[in-house]
1. In the set 68, 118, 75, 95, which member is free of Cβ contacts under 8 Å to residues at least 40 places away in the same chain and surrounded by 14 or more Cβ atoms within 10 Å (Cβ to Cβ)?
2. Name the single residue that is surrounded by the most Cβ atoms within 10 Å (Cβ to Cβ) among those in region 79-92 being modelled with pLDDT of 85 or more and not aromatic (Phe, Trp, Tyr).
3. Residue 229 fails exactly one of the following numbered conditions: (1) in a loop (DSSP other than H, G, I, E, B); (2) in contact with a Gly (Cβ under 6 Å, 6 or more places away or on another chain). What is the number of that condition?
4. Would you mention how many residues in region 269-321 are under 22 Å from residue 232 (Cα atoms), in a strand (DSSP E or B) and hydrophobic (A, V, I, L, M, F, W, C)?
5. Let me confirm something: among 136, 108, 131, which residue is among the polar types (S, T, N, Q) and out of contact with any Leu (no Cβ under 9 Å at 6 or more places or on another chain)?
6. So which residues in region 259-275 are over 16 Å from residue 289 (Cβ atoms) and either in contact with a Phe, Trp or Tyr (Cβ under 9 Å, 6 or more places away or on another chain) or among the aromatic types (Phe, Trp, Tyr) (or both), if there are any at all?
7. I want to confirm something. Restricting to region 241-260 and keeping residues that are in a strand (DSSP E or B), of a type in the set (A, V, I, L, M, F, W, C) and at pLDDT 90 or above, which single residue is nearest to residue 309 (Cα to Cα)?
Amino acid sequence: MLKVTGLSCSYNNQRVVDDINLTVEDGEFVVLLGPSGCGKSTTLKMIAGLVEPEEGQIELDGNDITELTPGQRKLAMVFQSYALFPHLTVAENILFGLQARKVDKQEQQKRLKSVVELVDLGPQLRKKPGQLSGGQCQRVALARAIVAEAKLCLMDEPLSNLDAKLRDEMRTEIRALQQRLGMSVIYVTHDQVEAMSMADKIVLMNGGKVEQIGNPEALYSQPASPFVAQFIGTPPMNIVPRGDALVGIRPEHIEITEQGMAAKVVGCDYHGADTIVLANISAADKPEQLIKIRSPGHVVLDPGQEISVQWDTEFEHNFVA
């Protein structure tokens, strides 16, 4: 449905997006994931037409839209700041785009009724944004995007302004809504939990480049680089030097045992269902290395306590140092 080829962009002679290639299939939920400054929002803005690329091509349904204005691309967008008009009611905010495009009034009301039921905003239609909660404002922004019936919806960190509980609820709602409507979505976030729980496909970016593209399970179980291994997963994968190579091992694959590699406890972080044990391991002629071990239940170990750890080699990931 969407094909991005060789997309690049620079600010102040510094390349912030470098040769990005990605595709979005019809009805697919694609997440652009990465740390702050990695170029994910700039990539989204280039697809939206808000930033002009230096190089590359953007195709939508086989048509080159690289040179088109944002309005001509006919994409929907949900912004981080909601971008609602404070002087308009909820209904007027939702219908603003349709009114600007002079869509028939009967069609406007038909779409409004349908979308209001989807996002559960019926009682709020006469209110203004200042009278709504953060979650309700986010629903209005979503409704405005859905009512446009665009082929592709772009979302730029739409949940970052919400508290943790509401973020979890809205994450579930957005994903369920997208699946029900069969919408194609490109969603930008720095939160790997959001990406892992929502995406059909993750595009993980670092320093303006793509590190790895794949479904959440592939990025977790088959990371292509130490960066991917340590960005995906909570807590992140342990990376341990071994000769001229690096070995990765997930915290849940390390066991505290009677015999094994000697380690010294640094501390314990109790999470309820499990405990993250921090420990230093050391090998011959190597400095101490901090590792994290995920153990089920409540594990109580004293700082400085000597323990033994081991893991099955089948769970190891090998990287070039």
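The values are calculated or read from the model by the stated rules, or taken from the named source; none is laboratory data. Computed from a prediction, not measured in an experiment: that's the story for all the values here. For neighbour counting, all protein chains shown are included, and Cβ atoms are generated from backbone atoms with ideal geometry for every residue, glycine included.
1. Exactly one of 68, 118, 75, 95 is free of Cβ contacts under 8 Å to residues at least 40 places away in the same chain and surrounded by 14 or more Cβ atoms within 10 Å (Cβ to Cβ), namely 68.
2. 90
3. It is condition (1) that residue 229 fails.
4. So the answer is 9.
5. Only one candidate passes the filter, namely 131.
6. 270
7. Applying the filter and picking the extreme gives 256.
Residues are listed down the side, and each one gets a yes or a no for (1) under 27 Å from the mean Cα position of the chain (by Cα); (2) outside the structural domain of residue 189 (by TED's automatic domain parsing); (3) not in a loop (DSSP other than H, G, I, E, B):
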{"position": "9", "(1), (2), (3)": "yes, no, yes"}
{"position": "42", "(1), (2), (3)": "yes, no, yes"}
{"position": "50", "(1), (2), (3)": "yes, no, no"}
{"position": "56", "(1), (2), (3)": "yes, no, yes"}
{"position": "84", "(1), (2), (3)": "yes, no, no"}
{"position": "94", "(1), (2), (3)": "yes, no, yes"}
{"position": "110", "(1), (2), (3)": "no, no, yes"}
